[in-house]
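Worksheet for the structure shown next.
All of the numbers you see were taken from the coordinates with simple rules; none came from a lab. Just so we're clear, the structure is a prediction, and the values are computed from it rather than from any experiment. We place every Cβ from the backbone using ideal geometry, glycine too, and count neighbours over all the protein chains shown.
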Protein chains: 2
Amino acid sequence: MNITAPGKASSRTGIPSKADRDRILAAVDAAFDSQVDFLSDLIRCVSLRGHEAGVQELVAAALQERGYTVERQPIDQALIGRHPAFSPATIGYDNSWNVIGLHKPTSAHGRSLILNAHVDIVPTGAQERWQYPPFEPTRRGEWLYGRGSGDMKAGLSAAIFALDAIRAAGLELTAPVQIHSVVEEEITGNGAAMALAGGYVADAVLIPEPTDEKLVRANSGVIKFAIAVHGTPAHPREVSGGVSAVQAAMQLLSHLRRLEDRWNEERTAQPFFDEVENPAALTIGTISGGEWIASVPSCCRFEGRIGFYPGDDPQERVKEFEAFVAKAAAEDPLVQRCPEPIVEWVGVTHAGYILPPGSDAEALLAEAHASANSPDSPPLQAYVMACYLDAAVYSVHAGIPALVYGPVAENIHAINERVSLPSLRRVTKAIALFAAGWCGVRPAIKKPPASRV
Amino acid sequence: MNITAPGKASSRTGIPSKADRDRILAAVDAAFDSQVDFLSDLIRCVSLRGHEAGVQELVAAALQERGYTVERQPIDQALIGRHPAFSPATIGYDNSWNVIGLHKPTSAHGRSLILNAHVDIVPTGAQERWQYPPFEPTRRGEWLYGRGSGDMKAGLSAAIFALDAIRAAGLELTAPVQIHSVVEEEITGNGAAMALAGGYVADAVLIPEPTDEKLVRANSGVIKFAIAVHGTPAHPREVSGGVSAVQAAMQLLSHLRRLEDRWNEERTAQPFFDEVENPAALTIGTISGGEWIASVPSCCRFEGRIGFYPGDDPQERVKEFEAFVAKAAAEDPLVQRCPEPIVEWVGVTHAGYILPPGSDAEALLAEAHASANSPDSPPLQAYVMACYLDAAVYSVHAGIPALVYGPVAENIHAINERVSLPSLRRVTKAIALFAAGWCGVRPAIKKPPASRV
């Protein structure tokens, strides 16, 4: 029922005329202070995993005000394990739902477009290490500080205000446009998976993740694991009678570096990845073990992620990972004294994607990027991003050309995350020009106020 | 005001007569089922750190019923940092107080005695790994299972029921006896420190820790630390821009093994320790790091303990440890990219002790041990226990001969902790004979019921 069928793959609609372009760019400039205010409101919402409802209410209201048809889309957990776009989940989704905003032109030609952004953020770490409180957005010079400023609430503001600018320029898009404000990108990708499973497809998707105004040529497949090691607790007076689960976990972690090396070595055979420093990027995100300062610890659990290459079946990588852990555990003199480590899959289990060079979408984005920048700026560059991106959901499972392109940001997932406001302004302009060019525009027809859902 | 002055070091009072001995041993046997019931009640009290009030109420009531003068002794936190017996504390002591039971004979000769036991226990670890629920004491054959059964609620029951048996045998001790039911042994030793600082001293102390019916010749000094390592968080797509605090902590831990080796090597110059396998016994009890599965972690903190030798100044060992950590951190290629690790002292910081061979107390305990055992049993053995013991407080700071001698137990600080009931019975007998011999006995004079405090 929610399906917005992809439009016919018509010939390229092309970048708007100079006059239209100028009006659109001026409209972005005119609304930019409002955009920063809106972005600040988004940052104030502490949309950690499982707590996205507040920010989604704000997004839904913003889209309704603008006349979009708005759907609040819950994640249908019955699809997990059945639909290939989903990854395992470890929490309930009662407070985690997507917001989908739909614009349907009065008569459609041109190509349909999804603008996707995720609203979930990662924890701040020690807040006292932040220069400014992470949920009190703070503007200093050209930067706006705050958790989620770069990753990726700036991108969400860019999507919404880019389309605003087209309307403010007196234009109407001539193909369907959807805004997908999704949850769970930082952990499972199940927000984007739900949008896709709900039938929301289009001729292209653009995702303004913080990419330093570059285009993502490919990303890595990613699997997120937790490993629990059980030792044999003991009193320090008889250490040799116990097996420290923390020590065993450390051993296992050191072995896993060999798997990272092995997967990294495969890059030489992979298009686009041969220059990537660390495409596998085994990172351990959390560790927790032991119960008492003076007991040999009985359990240690750590969580992490590891990457691989587009085209690889993530389930095959899961099997390879599990087999490696089992073998390393069996061969290690300490770990072999423990029960076999328990590997759980607690986040994204997803393939990577490639954006093949030469697409219409990329060419148009390159033009839009150039038009949004000063004439002496370098052309749009493409690069590999060795991490999970929701773009993979649209690309891998629906074959939708996926453009990941967004502003300059620093310290994402780190301390003092910040986004460059001049960059955000340029990116908003580029997205507006791209949307206008991809979907096509015509002079807006005055109509009564849009109905709200 | 609370001082019970040590009695004159009179000549050895000696093991009781055969007739008295037989009555005492029979009285232990007669009350043994009650003793196991009492021990079971102690085990049911979940006396984890900071939660000892419940078990102490039970102990206080048991001592009051028996006619002891009972004091509930809070820990005076103002003494911490001023009185050398105390170690740093990291919690408040509102629910953690000692119970002191005093017996003063009508006229005193003989030597005074402290029977000390701690009531605090360590966490259980995963309860589902226990054969029987850890706080539902379960008797199976010769064993009683439960957290704290061996370490050391059995010992506390032995102290109380040993003195009961003397009375039940129609005898009265002729020197002051104190029962110190203390808190905080498992972490700081501040319970025993408070008992000592409160002026409760005597001519000997006996502590029925689980020692397999052997006598502790010496223990190790112990310092308990926490180390916090701060990294530089980052997104997995740019691992090299971050410094994983978990990885840095692992590096630091691997360096600390060198310190353990170095301190272990010193054992060859130490009386009694040259045969101890791992006297330093660096153990990491807990670890916790990171905030998010897919972020390079910003912080990792681990807690542990390390041991050294009697005679060593624990403050010198603290300095050596801190200097080692600082140097290792400065020299490690990864850790040097972090702020200097923060070392905190979060538990016991205490010297070890030696029980010099040849004391009257030891000779008497050997006799008592032999009398409590079958005639063909081997004589009392002595051994080194490379861990903290409250005995060190009495020995180091007051020069009180400290006998640590208690029942066979298994899996202390581990899963399925259990105490041997036949061993507990023998140890109770040996303690009764020792107390009778050390303090002296005379036929009990009938008197009106004891006043209660």
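Per-structure values
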read-out	value
Neighbour net charge for A:Ile114 - beta-carbon separation under 15 angstrom, K R +1, D E -1	-3
DSSP bridge pairs, the protein assembly as shown: antiparallel proportion in percent, nearest 5	75
Estimated 222 nm signal from helices in the protein assembly as shown, with DSSP H stretches of n ≥ 4 weighted -39500 (n - 2.57), rounded to 500	-10500 deg cm²/dmol
√(5λ) per eigenvalue of the Cα gyration tensor, the protein assembly as shown, largest first, Å	72, 25, 23
Normalised contact order of the stretch B:324-453, rounded percent, pairs of Cα under 8 Å and 6 or more residues apart	23
Radius of gyration and Dmax over the Cα atoms of the stretch B:176-297, both given in Å	21.4, 71
Calculated from backbone phi, Karplus (6.51, -1.76, 1.60) coupling profile of the stretch A:336-346 in Hz, x at Gly/Pro	5, 7, 9, x, 4, x, 9, 9, 10, 10, 10
Residue exposure sequence - B:Val201, B:Val177, B:Val28 - by fewest surrounding Cβ within 10 Å	B:Val201, B:Val177, B:Val28
Dipole magnitude of the stretch A:77-168, debye to nearest 20 (Cβ charges: Lys/Arg +1, Asp/Glu -1, about Cα centre)	280
Label distances, nm, B:Glu128 versus same residue in remaining copies, Cβ-directed 7 Å point	3.7
Equivalent ellipsoid semi-axes, the stretch B:168-239, via Cα gyration tensor eigenvalues times 5, rooted, Å	46, 16, 12
Residue order, fewest to most beta carbons within 10 Å, for B:Phe135, A:Phe308	B:Phe135, A:Phe308
Average partner coverage of B:296-308, which counts Cβ from other chains inside 10 Å	4
Convex hull of Cα atoms in the stretch A:26-174, direction-averaged projection (nm²)	11.0
Percent RCO, i.e. relative contact order, over chain B, from Cα pairs under 8 Å lying at least 6 residues apart	26
Exam field: B:Ala363 pseudo-label spacings to other copies (7 Å along Cα-Cβ), nanometres	10.6
Cross-link pairs A:Lys104/A:Lys224; B:Lys224/B:Lys327; B:Lys18/B:Lys214; A:Lys153/A:Lys214; A:Lys153/A:Lys319 - those with Cα-Cα distance over 29 Å	A:Lys104/A:Lys224; A:Lys153/A:Lys319
For chain B, alpha-carbon Rg and Dmax in angstrom	23.4, 84
Assigned charges on the beta-carbon of Lys, Arg, Asp, Glu; chain A dipole about Cα centre (debye)	1100
Residues A:Asp120, B:Asp332, B:Asp37 arranged by fewest to most Cβ contacts within 10 Å	B:Asp37, B:Asp332, A:Asp120
Vicinal HN-Hα couplings computed from phi for the stretch A:146-159 (Karplus, 6.51 cos²θ - 1.76 cosθ + 1.60; Hz; Gly/Pro x)	x, 5, x, 4, x, 10, 9, 6, 4, x, 5, 5, 5, 4
Dipole magnitude of the protein assembly as shown about its Cα centre (Cβ charges: Lys, Arg +1; Asp, Glu -1), debye to nearest 20	1360
Under 5 Å, built H, 5+ apart or other chain: amide partners of B:Gly406	B:Thr211, B:Asp212, B:Glu213, B:Lys214
Label point 7 Å beyond Cα along the C-beta direction, distances from B:Pro339 to other copies (nm, shortest first)	3.9
Which of A:Ala323, A:Leu173, A:Phe434, positive extreme of dipole for chain A (C-beta unit charges)	A:Leu173
